[in-house]
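The values are calculated or read from the model by the stated rules, or taken from the named source; none is laboratory data. Quick caveat, the model's predicted, so the values are computed rather than measured. Because the Cβ atoms are built from the backbone with ideal geometry, glycine has one as well, and the counts that use them run over all protein chains shown. Surface areas here come from the heavy atoms of the whole protein model, side chains and all, with no ligands, DNA or RNA. Shrake-Rupley method; radii C 1.70, N 1.55, O 1.52, S 1.80 Å.
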Amino acid sequence: MLFNQEKTGTEFFREQVERVQPILEKENTGKTVAFFAVSSDGTITVRKPNDYVSSMIDLAGVYIPERISGGRGQRTSTLKMQMEDFYVAEKDADILIYNGTIEGELNSVDELIAKNSLFADFKAVQSGDVYTTGSNFYQETSATCDFIEDLNKILTDSSDTDYRFIRKLQ
């Protein structure tokens, strides 16, 4: 509206809704996802329940920190927790997605395990379902639909591995 581009904005929004609609119509996979980062002090940073990232994950799966309490009254969108608490809450997650925008991207699962050896016991690490986001994840808010499509490919075991924001770790 400020730049007299309401028609263009409305058209863009409508196109995004059309791209996401087929995903919204699918049955939830029930697969559990942990979206996190390991801070330099060893604590784990997760997105709070009902955050927009958590909500995107919930479209096709279950965002595990939904079960984590604490911090709801704070204004930040993240929650810090000790590794031991994260382990108890998320060791059985089907999929781990490392938030590469906070402490930098990972290049391998071994790098994740080097941050804390407990990661080796995680179900997703053992099954090879570990991913990372790129450092540009929060810089492209108009590409939210691309992230939702990436998540859908991962959660539905799609053979299409052409992701925009997520990369599988080896």
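Screening Arg75 against (1) modelled with pLDDT under 90; (2) among the charged types (D, E, K, R); (3) open to solvent by less than 70 Å² (accessible area, probe 1.4 Å) leaves a single unmet condition, (3).
Can you find even one residue in the range 93-107 that is open to solvent by less than 60 Å² (accessible area, probe 1.4 Å), in contact with a Gly (Cβ under 7 Å, 6 or more places away or on another chain) and modelled with pLDDT of 90 or more? Checked the range 93-107: at least one residue is open to solvent by less than 60 Å² (accessible area, probe 1.4 Å), in contact with a Gly (Cβ under 7 Å, 6 or more places away or on another chain) and modelled with pLDDT of 90 or more.
Tell me, yes or no, whether the range 149-163 has at least one residue that is touching a residue at least 12 places away in the same chain (Cβ under 8 Å) and among the basic types (Lys, Arg). No; the residues of the range 149-163 include none that is touching a residue at least 12 places away in the same chain (Cβ under 8 Å) and among the basic types (Lys, Arg).
Of all the criteria given as (1) modelled with pLDDT under 90; (2) open to solvent by less than 40 Å² (accessible area, probe 1.4 Å); (3) not basic (Lys, Arg), the one not satisfied by Phe119 is (1).
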